[in-house]
Amino acid sequence: MTQEEMVEPAVSGAKNVIIAAAEAKVRRVVFTSSIGAVYMDPSRSIDLVVDESCWSDLEYCKNTKVPFEYIRISIFFNKYIV
């Protein structure tokens, strides 16, 4: 399966959940992820404590073929870049 074949359905699925939640007037949707969403950044010091302000480098994940982190970040920022 190519990266494109993995990313598009994941992004579309997440978007559909958010749209359905909005239509149902759901007040809050919790999107969970993993350390991969914040860890993959070669320019960040390995000693840095990561938090919600730290994100993996999207282009780095794409270029190094790390599709799951690429998908998570793409969904969060609504950036489907292939």
Quiz item: Among R44, R27, which comes first, then next, by fewest other beta-carbon atoms within 10 Å?
Solution: R27, R44
Practice problem: Could you list V17, V49, V29, V38 in order of exposure, starting from the residue whose Cβ has the fewest other Cβ atoms within 10 Å? | Solution: V49, V29, V17, V38
Self-check item: 3J(HN,Hα) from dihedral phi, region 10-22, Karplus parametrisation 6.51/-1.76/1.60, rounded to Hz, x for glycine, proline
Solution: 5, 5, 4, x, 5, 5, 4, 4, 5, 5, 5, 5, 5
Practice problem: Enter the per residue convex hull volume of region 15-59, computed from alpha-carbon coordinates, in Å³ rounded to the nearest integer. | Solution: 91 Å³
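Rule-based calculations on the coordinates, nothing more; no lab input. Only a predicted model underlies this, so the values are computations on that prediction, with no experimental measurement involved. Backbone-built Cβ (ideal geometry, glycine too); neighbour counts: all protein chains shown.
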